[in-house]
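K.L.:
Below are the C-alpha cells for one structure; questions will follow.
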Amino acid sequence: MSPAPASTLTPSASTQASGAPALGFTTLEQESVIDELPISGELPPWLQGSLLRTGPARFEAGPGRLRHWFDGLAMLHRFTIAGGRVSYGGRYLESRSYRAVRERDRIAYGEFATDPCRSIFSRVQSMFHPGAAVTDNANVNVTRLGERFVAMTETPMPVQFDPHTLDTVGVRPFETPGHLTTAHPHLDRGDGGMLNYAAKLGPRSSYRFFRVAPDSGTPELIGSLPVREPAYMHSFGLTERYLVLAEFPFVVNPLALALARRPYIENYRWKPERGTRFTLVDRTSGEVLGGLRGEACFAFHHVNAFEDDGEVVVDLCAYPDPGIVEDLYLERLRAGKPLARAELVRFRLDPGSGSVARERLAEEDLELPRINYGRCNERPYRYTWGLSCGESGFLERIVKIDIEQRTTVSFADPGLYPGEPVFVARPGAETEDDGVLLSLTLDAEAASSMLIVLDAASLKELARASLPFHVPFGFHGQFDRSFSG
Ligand SMILES: [Fe+2]
C-alpha cells in the first residue's frame, strides 16, 4: 500500500540541504544550575515533573579527538517543571571514561567509533572479563529502575545518578549478562522492572534475554539464543507476550572484534543476503520462535510492537543499509553532509506460516521516535512522534504521524533544530495524543538551546524556556513525574 500524502499544518522552515549546524557537535564546557529559565508562552498548569536527558557534550581529550556522534562524553541534563516555572541542571556524568579524560587528558576507553589503541591483550582481556576495559560513557539514554535512575550506553556498564543533583552514584545499579546490550530497555508492566537483551560473546556466543526487578541488581534470565555472528541491535520490540528481536544483517565475528585493530563499530560487516531475521521470545517461558525472515534493512529504533490476531506487528525506523552509521561521524556532520533517511516501516510476522510482510506507513522520514508509552507500548496504537529531515539534510522538524489515517502534522521554525520529542500525557487524558511534547532544541542563529513545549495533538507551540548557552545534540531522555522540586 502506498502511503497517503502528508498534510503539513504548520509553516515549515525554508528548506535547503544545509545539513546540521556544527554548533550541535561542539563541546559544552560548562556545568550549570539555573533556578529559573526565561519562558515565553505558557506552560500547562498540569505539567509537573522533570525531563532527564543524557547526551554527548565533549568531543576532545588532550590531543585526542572523538570521531563519532555516539562517542562524545556524556552530560546529564535536567529540566524541572513546576508551577509554570522551569529550572535547569547540567552536569557531566562522572563515568570512569570521563574521569580519565579530565584527570589524564586522554581517551582511555574504546568508544563506539574511537579507539585509544589498546593492545591486543587488553582487547581479549576485556572480551572475557566484561567491564575490564569497557567504556561506561552512558550518553544514549536514561531510565528509572525502581527508585534508581540510570544512564546507559550499549556496554554492560550502566551508571546510576541522583536525579536532583545529577551527581554520579558510584554503584553499579545492576549486572548485565553479556558484553553488548541496548540502552533501550522496556518496562515490565508486571512489576515495574526492566527487560533487555545482551549479547554474550566468546567461542559460543548467544543473545540472552533478561529481566531486572525494580529493587534488584541481579538479572533473571528469560531465555537465550545461540548466534555465530551477533547483529548490531540498538533496540528491540515488546508485545504483551513476546520480546521481539530484529536482527539486521550488520554483523560481527566475535573473535574479529576481540583481535581487530579498529574501533568497535568498524568491525561490523553488512551481509544483506541474510535478510532481516526476526525472533520472538516468550516472556514467560523463554521459548524462542524463529524462522521469520524479511528483506534486509538496518534500524536503530523500534517504534512499537503488538499482537494482532495471531500475527505480530513490528514497527521500525528502517534504513536500506547501515550507511547512516557512516553519516554520523563528526567530520561529516560538521561539514553539513546530509543524513540517510529512515522510513517508518511495519513488518507483519506470522509465526504460523513463517511469512513476513513489509509495508511503509508514512511518506516522511522518521527518527528518534516516541509513542504514548504508558498507554500504548505492547499494544495497538495510532500515533508516533519523532524527528524528520524534511527537505534539509538534518533532523529539523518534529512530526506526528497518524498511522491509522496515514497523515502527518509537523512543526518547524527556521534555524531551530529540535531534539527527540518526549511525549507526556495529560493526567486524566482520554485520547492517545492528549498531552505535550518536550524537545530540547538548538537555535543555531542565537547559538543557544531551549526546551520547547508543543501540544502533542496539534503540534502547536505552547511555550519555550531558554538557556543562555548551547547544548550539543543528544539522543534520549525520559520525563519523570515523581519530582518537581
Ligand atoms: Fe536510541
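K.L.:
Tally time: how many residues in segment 250-262 are farther than 17 Å from His302 by Cβ and either of a type in the set (Val, Ile, Thr) or under 21 Å from the mean Cα position of the chain (by Cα) (or both)?
P.N.:
The qualifying residues number 2.
K.L.:
Keeping to segment 96-113, report how many residues are touching a Leu at 6+ places or on another chain (Cβ under 9 Å) and modelled with pLDDT under 80.
P.N.:
Residues that pass the stated criteria total 3.
K.L.:
Let me ask something additional. Just to be sure, is Val244 more than 23 Å from Val303 (Cβ to Cβ) and either open to solvent by less than 20 Å² (accessible area, probe 1.4 Å) or within 16 Å of the ligand (Cβ to nearest atom) (or both)?
P.N.:
No.
K.L.:
Filter segment 165-185 down to the residues that are in contact with a Gly (Cβ under 6 Å, 6 or more places away or on another chain) and in contact (Cβ under 8 Å) with a residue 60 or more places away in the chain and list them by number.
P.N.:
Once the filter is applied, which keeps residues that are in contact with a Gly (Cβ under 6 Å, 6 or more places away or on another chain) and in contact (Cβ under 8 Å) with a residue 60 or more places away in the chain, segment 165-185 yields only Leu166.
K.L.:
Looking at this structure, is Ala446 hydrophobic (A, V, I, L, M, F, W, C), out of contact with any helix residue (DSSP H, G or I) (no Cβ under 6 Å at 6 or more places or on another chain) and closer than 30 Å to Gln30 by Cβ? Steps first, answer last, please.
P.N.:
Working: hydrophobic (A, V, I, L, M, F, W, C): yes; out of contact with any helix residue (DSSP H, G or I) (no Cβ under 6 Å at 6 or more places or on another chain): yes; closer than 30 Å to Gln30 by Cβ: yes.
Yes: the conditions hold for Ala446.
K.L.:
When you go through Ala425, Ala457, Ala463 one by one, which is the residue that is touching a helix residue (DSSP H, G or I) at 6+ places or on another chain (Cβ under 8 Å) and in contact (Cβ under 8 Å) with a residue 24 or more places away in the chain? I'd like the intermediate steps shown before the answer.
P.N.:
Values: Ala457 fails: touching a helix residue (DSSP H, G or I) at 6+ places or on another chain (Cβ under 8 Å); Ala463 fails: touching a helix residue (DSSP H, G or I) at 6+ places or on another chain (Cβ under 8 Å).
One residue alone meets the criteria, Ala425.
K.L.:
What are the residues in segment 84-102 that are under 13 Å from Leu37 (Cβ atoms) and open to solvent by 10 Å² or more (accessible area, probe 1.4 Å), if any?
P.N.:
Selection gives Gly84, Arg85, Ser87.
K.L.:
If Gly294 passes every condition in (1) among the small types (Gly, Ala, Ser); (2) touching a Pro at 6+ places or on another chain (Cβ under 9 Å); (3) in contact (Cβ under 8 Å) with a residue 24 or more places away in the chain but one, which one does it miss?
P.N.:
Evaluating Gly294 over (1) among the small types (Gly, Ala, Ser); (2) touching a Pro at 6+ places or on another chain (Cβ under 9 Å); (3) in contact (Cβ under 8 Å) with a residue 24 or more places away in the chain leaves (2) as the failure.
K.L.:
A follow-up question, please. Hand me the list of strands (runs of 3 or more DSSP E) wholly inside segment 267-308 holding 1 or more residues that are over 25 Å from the mean Cα position of the chain (by Cα) and away from the ligand (no atom under 16 Å from the Cβ). Before the answer, list the steps.
P.N.:
Numbers: elements: 276-282, 288-294, 298-308.
Passing ranges, in order: 288-294, 298-308.
K.L.:
Which one of these is under 20 Å from Ser482 (Cβ atoms), within 16 Å of the ligand (Cβ to nearest atom), surrounded by 21 or more Cβ atoms within 10 Å (Cβ to Cβ) and within 20 Å of the chain's Cα centre (by Cα): Val212, Val159, Val142?
P.N.:
Just one listed residue meets the conditions, Val142.
K.L.:
Of everything in segment 323-348 that's among the charged types (D, E, K, R) and open to solvent by 40 Å² or more (accessible area, probe 1.4 Å), which residue is farthest from Tyr383 (Cα to Cα)?
P.N.:
Once the filter is applied, the top-ranked residue is Glu331.
K.L.:
Taking Leu316, is it part of a loop (DSSP other than H, G, I, E, B), crowded, with 19+ Cβ neighbours inside 10 Å and within 16 Å of the ligand (Cβ to nearest atom)?
P.N.:
Taking the combined requirement at face value, the residue does not satisfy it.
K.L.:
Report whether or not His184 is closer than 19 Å to His68 by Cβ, in a loop (DSSP other than H, G, I, E, B), open to solvent by 20 Å² or more (accessible area, probe 1.4 Å) and not small (Gly, Ala, Ser). Show your work before the answer.
P.N.:
Values: closer than 19 Å to His68 by Cβ: yes; in a loop (DSSP other than H, G, I, E, B): yes; open to solvent by 20 Å² or more (accessible area, probe 1.4 Å): yes; not small (Gly, Ala, Ser): yes.
In short, yes.
K.L.:
Name every residue in segment 375-416 that is more than 16 Å from Asp315 (Cβ to Cβ), among the aromatic types (Phe, Trp, Tyr) and crowded, with 24+ Cβ neighbours inside 10 Å, in order of residue number.
P.N.:
Answer for segment 375-416, where residues must be more than 16 Å from Asp315 (Cβ to Cβ), among the aromatic types (Phe, Trp, Tyr) and crowded, with 24+ Cβ neighbours inside 10 Å: just Phe411.
K.L.:
Another question about this same structure. So is Phe475 within 16 Å of the ligand (Cβ to nearest atom), under 20 Å from Ala22 (Cβ atoms) and touching a residue at least 40 places away in the same chain (Cβ under 8 Å) or not?
P.N.:
yes
K.L.:
If I ask for residues that are farther than 16 Å from Glu247 by Cβ and basic (Lys, Arg), which ones from segment 257-273 would you list?
P.N.:
Arg261, Arg262
K.L.:
Scanning for something within 16 Å of the ligand (Cβ to nearest atom), in a strand (DSSP E or B) and under 14 Å from Val312 (Cβ atoms), does segment 232-241 turn up at least one residue?
P.N.:
Checked segment 232-241: at least one residue is within 16 Å of the ligand (Cβ to nearest atom), in a strand (DSSP E or B) and under 14 Å from Val312 (Cβ atoms).
K.L.:
Looking only at segment 362-405, which residues are assigned to a helix (DSSP H, G or I) and within 16 Å of the ligand (Cβ to nearest atom)?
P.N.:
Matches in segment 362-405: Tyr373 only.
The values are calculated or read from the model by the stated rules, or taken from the named source; none is laboratory data. On a predicted model such as this, the values are computed, not experimentally measured, just so you know. Cβ coordinates were reconstructed from backbone atoms using ideal geometry, including for glycine residues, and neighbour counts include every protein chain displayed. When the accessible area is computed, the model is the full protein with side chains, heavy atoms only, and any ligands, DNA or RNA have been set aside. Shrake-Rupley method; radii C 1.70, N 1.55, O 1.52, S 1.80 Å.
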